[in-house]
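Laboratory data are not the source of any read-out in this text; all were calculated from the coordinates shown. All of these numbers come straight from a predicted model, not from anything done at the bench. Counting neighbours? That spans all protein chains shown, and the Cβs are built from the backbone with ideal geometry, glycine included.
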Amino acid sequence: MAAPGGSGPIGPYPPGVTTDEEQVEYDKLRRRVLWSMPYGLYVVGSRGAAGADGPPELNGMTTNWVTQVSFDPKLIGIGVEKPALTHRLIGEGGVFSVCTIAREDRTIVRKFTKPVEVDHDARTLNGFAFHAGVTGAPILDQAPAYVDCEVRQAVEVGNHTFFIGEVVDAAFQADEETEVLRMEDTRMNYGG
Ligand SMILES: Cc1cc2nc3c(=O)[nH]c(=O)nc-3n(C[C@H](O)[C@H](O)[C@H](O)COP(=O)(O)O)c2cc1C
């Protein structure tokens, strides 16, 4: 995972912020402002291209940069850092899923911050049961809801790619009223 907010102070700076010290202070302040923006928290499922030999590579990744970007067609965008395995798999496979997480399952997000261990026979990702969506992207069985998407655009944005996918399937897997996890329910943050 990239260092939060990059490796050092990043410009541009507003008027009056000129010395190294002021730039460092402003950088920290801007990070806190960006962290104060509310987000949801999801597990994004990805699969690589189907290989001739063996099953396709799969992954699940804790992600908060997720938003709907059009209602006709139904498009969802996700920001994925370039070094991530998920980035390569979405690039190859052209699909992804977005799973919501029940608030009571909050510890799950810590299990999806690096490439997962996939057991194709037991159908588990890091021990969590999954099934393949219509796109072949993995969907956690315990996700209260999911959307399954085909990539329509990949927009280069700095050190991330914003993958925009059309929702080709969506469903609840638990009671619709299940409370889903948001970033503020954890002590974690990302970006900034
Ligand atoms: C709370 C939290 C939110 C995260 N949100 C994102 C995100 O929106 N986009 C992203 O690329 N990585 C995000 N990450 C980092 C990834 O979960 C992961 O550490 C990294 O990208 C590597 O994923 P990989 O398994 O695909 O290699 C987040 C991590 C945490 C702990």
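Fully extended, how many nm does the chain gain between Tyr26 and Glu156 (0.36 nm per residue separation, minus their Cα-Cα distance)?
This chain segment gains 44.2 nm when fully extended.
Provide the net charge surrounding Glu179, with neighbours chosen by a C-beta distance below 15 Å and charges set as Lys +1, Arg +1, Asp -1, Glu -1.
For residues surrounding Glu179, the net value is -4.
Which one of Lys114, Lys28, Lys82 has the biggest mean-square fluctuation once the chain is modelled by GNM with Cα springs under 10 Å?
Lys28
Which value at 222 nm does the chain reach when only helices count, each DSSP H run of 4 or more adding -39,500 (n - 2.57), with the total divided by all residues and rounded to the nearest 500 deg cm²/dmol?
The helix contribution divided over the chain gives -4000 deg cm²/dmol.
Using the basic label-point model (7 angstrom from Cα toward the beta carbon), what is the Asp72 to Lys111 distance in nanometres?
4.1 nm
Would you look at the GNM of the chain, springs on alpha carbons closer than 10 Å, and say which of Gln23, Gln142, Gln173 moves the most?
Sorting by GNM fluctuation, first place goes to Gln23.
What angle, in degrees between 0 and 90 and rounded to the nearest 10, separates the Cα long axis of helix 20-35 from the longest principal axis of the Cα atoms of the chain?
The answer is roughly 40 degrees.
Using the reciprocal of the averaged 1/r over all distinct C-alpha pairs, how large is the Kirkwood radius of the range 88-192 in Å?
Roughly 15.0 Å, rounded to one decimal.
Return the inverse of the average 1/r over all pairs of distinct C-alpha atoms in the range 117-179, which is the Kirkwood hydrodynamic radius, in Å to one decimal.
One decimal place: 13.4 Å for the Kirkwood radius.
Pick out, in residue order, every one of the GluC sites (Glu not before Pro) in the range 63-154 that is DSSP loop and has at most 16 other C-beta atoms within 10 Å; say none if there are none.
Filter output for the range 63-154: Glu117.
Leaving out same-chain residues fewer than 8 places away, which lysines sit with a Cα under 30 Å from that of Lys74?
Reachable lysines: Lys82, Lys111, Lys114.
For the chain, take N as its residue count and report Rg(C-alpha) divided by 2.2 N^0.38 Å.
Normalised Rg, Cα atoms only: 1.10.
Which value, in debye to the nearest 20, describes the size of the charge dipole of the chain about its Cα centre when Lys and Arg Cβ atoms bear +1, Asp and Glu Cβ atoms bear -1, and nothing else is charged?
Here the size comes out at about 400 debye.
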